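Heads up: the structure comes next, in structure tokens.
The values are calculated or read from the model by the stated rules, or taken from the named source; none is laboratory data. Bear in mind that the values here come from a model prediction, so they are computed numbers and not experimental data. Quick reminder, even Gly has a Cβ in these numbers, built from the backbone with ideal geometry, and neighbours come from all protein chains shown.
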Amino acid sequence: MYGKLVCVLVLAAAMLVYDIPKFRRACRRDQLVYGALLAALLYLGFIFVTAKPWPNLDTIFNILIKPAKQIVQWLNPKSS
């Protein structure tokens, strides 16, 4: 667990060191998008480090597959 924690912390620190100057110059919308992506990254990093069986990206994709297939079916001219 400590090895995973060190890995996540090193990667997050490197990302923040590189992005902080760009983040300060970015417009408000870009800052909000970056913040949302960072929140998702921290959540997934926490799941990785603690090995919790919480929902991850696979779960989200599985939830979205059914509506996506339905939209494709509506747009497919062969099925009409």
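Checking Trp54 against (1) touching a residue at least 24 places away in the same chain (Cβ under 8 Å); (2) under 18 Å from the mean Cα position of the chain (by Cα), which single condition isn't satisfied?
Every condition holds for Trp54 apart from (1).
So is Phe48 out of contact with any Phe, Trp or Tyr (no Cβ under 8 Å at 6 or more places or on another chain), aromatic (Phe, Trp, Tyr) and surrounded by 12 or more Cβ atoms within 10 Å (Cβ to Cβ) or not?
yes
Can you tell me how many residues in region 1-45 are surrounded by fewer than 12 Cβ atoms within 10 Å (Cβ to Cβ) and either in contact with a His (Cβ under 7 Å, 6 or more places away or on another chain) or in contact (Cβ under 8 Å) with a residue 40 or more places away in the chain (or both)?
The number of residues fulfilling the criteria is 1.
Name the residue, out of Leu75, Leu57, Leu64, that is within 27 Å of Leu9 (Cβ to Cβ) and of a type outside the set (Gly, Ala, Ser).
Sole residue among the options that is within 27 Å of Leu9 (Cβ to Cβ) and of a type outside the set (Gly, Ala, Ser): Leu57.
Find the helices (runs of 4 or more DSSP H) located wholly in the chain whose residues include 3 or more that are at pLDDT below 90 and β-branched (Val, Ile, Thr), and list them.
57-75
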